[in-house]
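Novice: Below is a structure I'd like to ask you about.
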Amino acid sequence: MIEITEHTRNVLLEVAKKKKIYVEGNFLKLLKAPKGDKEFEEYLTVCKDKDSTARKKRLSVTKQVQSQNKELEKAAEENEQLLLDLQVALDEAKEAEREAQKLRDEAVEDLDMLQKRTQFELIGLIVKVALIIIIGVGVTTTLLYSVAMLAGEDTTLLGNAWSNMFGILLTNSFSIIGTIMGVKYATEKSE
C-alpha cells in the first residue's frame, strides 16, 4: 500500500472537487487513507464506487459488442449461404433458359420441316393434277383427231386445233413447272 502525503492528498481532493476527476483502476487498490482522515476515506470510497460503475459500464459495453459481433458473424454466414443459394438458383435459371432455347429451336426446326414437307406435298399434288389434265386433254384431242381421220372427215380445222392444243398444253406445263420452281426457290432464299 502507498501512503499518501498531505500535499498529494490535497491535490487529489481539489481535482475531484473542481474538475470531477477521480483516481480509478488498479492504482486505486494501492492507495491508503491516512489514519483518521475521514474526508480522504470518503474520497477513496467515491473513487471505488465510480471505478466499479465505470468497470460495469465497460463490461456491459464489451458484452454488447461481443453479442453484436456474434450476431454480425451469424448474419455474415447467413448472407454467405444466401449468396451461395442465389448463385445455385442463377445457374439453374441459366440452365433452364438454355434448355428452353434448345426446345424452342427444336420446335422451330420441326415446324420448318413440317412446312417444307407440306409445301413439297402440295407441289407434288399440283404437278400430278396438271399432268393428268395435260395428258387427259392431249389424249382426248388425239382421239378426236384420230376418229376424224378414220371417219374420213376434213381434218384441216381439227389438225390446227390439235396442233394449237398441244402447243398450249406444252406452254402451260412449262409455266406450271416454272412457277413451282420459283416458289421453291423463293422459300429457300427467305430462310
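Novice: Binned at 5 Å from 0, what are the whole-percent values of the Cα-Cα distance distribution for segment 111-190, short to long?
Specialist: Spelled out per bin, shortest first, that is 3, 14, 18, 16, 12, 11, 8, 7, 5, 4, 2, 1, 0.
Novice: Please find the FRET efficiency linking T8 to D49, where r is the Cβ-Cβ separation and R0 is fixed at 25 Å, and quote it to the nearest 0.05. All intermediate terms of the calculation are to be shown ahead of the outcome.
Specialist: On the way: r = 21 Å, r/R0 = 0.83.
Taking R0 as 25 Å, the efficiency between T8 and D49 is 0.75.
Novice: Moving on. Tell me the GluC sites (Glu not before Pro) within segment 83-153 that lie in a loop according to DSSP and have at most 13 other beta-carbon atoms within 10 Å.
Specialist: Working: sites: E92, E95, E97, E99, E106, E109, E121, E153; in loops: E153.
For GluC sites (Glu not before Pro) across segment 83-153 that sit outside H, G, I, E and B with at most 13 neighbouring Cβ atoms in 10 Å, the list reads E153.
Novice: Here is a follow-up. Counting Lys and Arg as +1 and Asp and Glu as -1, each charge on the Cβ, what is the dipole of the chain about the Cα centre in debye, to the nearest 20? It would help to have the intermediate numbers written out before the result.
Specialist: Details: 27 positive and 31 negative charges, 401 e Å.
Charge dipole, the chain, about its Cα centre: 1920 debye, nearest 20.
Novice: Let me ask something additional. Treating cross-link reach as a plain straight distance, find the lysines whose alpha-carbon is under 21 Å from the alpha-carbon of K128, omitting any fewer than eight places away in the same chain.
Specialist: K116, K184
Novice: Continuing with this model, one more query. For segment 34-145, what mean projected area does the convex hull of the alpha carbons give, in nm²? Could you put the intermediate results ahead of the total?
Specialist: Values: hull surface 43.8 nm².
It is 11.0 nm².
Novice: Right, something else. Once you place label points 7 Å from the Cα toward the Cβ at K17 and A161, how far apart are they in nm?
Specialist: 15.0 nm
Novice: To continue, here is another question. With a point put 7 Å past each Cα toward its Cβ, work out how far E97 is from L122 in nm, to one decimal.
Specialist: 3.7 nm
Novice: Let me ask something else about it. Report the extension gain between K57 and D37 in nm, rounded to one decimal, defined as 0.36 nm multiplied by the number of residues separating them, less their alpha carbon distance.
Specialist: Details: separation 20, 0.36 × 20 = 7.20 nm, distance 3.02 nm.
Length gained between K57 and D37: 4.2 nm.
Novice: Next question. Please report the Cα spread of the chain along all three principal axes, rounded to whole Å, starting with the longest.
Specialist: 171, 26, 17
Novice: Which is farthest toward the positive dipole end of the chain among A75, L143, V88, measuring Cα position about the Cα centre, with Cβ charges +1 (Lys, Arg) and -1 (Asp, Glu)?
Specialist: Of the listed residues, the answer is A75.
Novice: Report, ordered by chain and residue number, the aspartates and glutamates lying within cross-link reach of K56, taken as a straight Cα distance under 17 Å and ignoring same-chain residues fewer than 8 apart.
Specialist: Output for K56: E24.
Novice: With loop defined by DSSP as not H, G, I, E or B, and exposure as at most 12 other Cβ atoms within 10 Å, which is the longest segment of the chain clear of exposed trypsin sites (Lys or Arg not before Pro)?
Specialist: Numbers: sites that count: K20, K35.
Free of exposed loop sites, the longest segment is 36-191.
Novice: Next up: Any idea what the dipole of segment 2-68 comes to, in debye rounded to 20, about its Cα centre with Lys/Arg Cβ at +1 and Asp/Glu Cβ at -1? Numbers along the way, then the final one.
Specialist: On the way: 16 positive and 10 negative charges, 88 e Å.
I would put it at about 420 debye.
Novice: Please report, in cubic angstrom per residue, the volume enclosed by the convex hull of the alpha-carbon atoms of segment 2-68. Let's see the in-between values first.
Specialist: On the way: hull volume 5.2 nm³, N = 67.
In segment 2-68, the Cα hull volume divided by residue count equals 77 Å³.
Novice: Angle between the Cα long axis of helix 38-151 and the longest principal axis of the chain, 0 to 90 degrees, nearest 10?
Specialist: Here the helix axis deviates by roughly 0 degrees.
Novice: To the nearest 10 degrees, how steeply does helix 156-190 sit against the main Cα axis of the chain, on a 0 to 90 scale?
Specialist: For 156-190 against the chain, the angle is about 10 degrees.
Every number in this text was worked out from the coordinates using simple rules, so none of it is lab data. Remember, predicted model here, so these are calculated numbers, not experimental data. Positions of Cβ are backbone-derived with ideal geometry, glycine not excepted, and every protein chain shown enters the neighbour counts.
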